[in-house]
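Reviewing the structure listed below.
The values are calculated or read from the model by the stated rules, or taken from the named source; none is laboratory data. Because the structure is a prediction, the values reported are computed rather than measured. Cβ coordinates were reconstructed from backbone atoms using ideal geometry, including for glycine residues, and neighbour counts include every protein chain displayed.
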Amino acid sequence: MYNLIATLRVLPESPEVNLESLEKSIGEQIPSHMELHSVEREPIAFGLVALMVTVLTTDDDKGDVTPVEEGIQALKDVSQVEVVDVRRTLG
C-alpha cells in the first residue's frame with residue numbers, strides 16, 4: 001500500500017516539445033515499487049507548459065524520490081525537474 005505522495009514539476013526544453021510523448025517517457029521512468037498517479041499541465045509563460053507529476057510511494061523510501069527525479073532529468077526534452085511536495089496520505 002502506498003502512503004506517500006510526491007509531486008514534481010517538470011519543465012520541458014521548449015514550448016515545441018510534444019507533451020504527450022514526454023508524459024509517456026516520464027511514465028517509463030517510474031520505478032516498479034512506485035506508481036504514477038497523475039500528470040497535470042500547468043501553463044508557465046510564453047507558451048511553455050510544465051508537467052506536474054504525482055507519484056505514489058511507500059514509507060520504505062522515506063520520501064526519497066531521487067531515482068524518479070534523476071530519471072526524468074535524463075530525458076532529452078526535459079530542462080528542469082523540481083520536487084515541489086512530499087506528504088503522507090490519510091487513512
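Observations on the structure shown:
- Among the numbered conditions (1) modelled with pLDDT of 95 or more; (2) within 18 Å of Ala74 (Cβ to Cβ); (3) not in a strand (DSSP E or B), the only one that Arg9 does not meet is (3).
- Boolean, Lys76 is outside any strand (DSSP E or B), loosely packed, with under 14 Cβ neighbours inside 10 Å and either on the phi > 0 side of the Ramachandran plot or over 12 Å from the mean Cα position of the chain (by Cα) (or both): yes
- Under the condition of being modelled with pLDDT of 90 or more and touching a His at 6+ places or on another chain (Cβ under 8 Å), the residues counted in segment 35-65 number 3.
- Scanning segment 30-57 for residues that are over 14 Å from Val68 (Cα atoms), not in a strand (DSSP E or B) and not hydrophobic (A, V, I, L, M, F, W, C) gives a single hit, Gly47.
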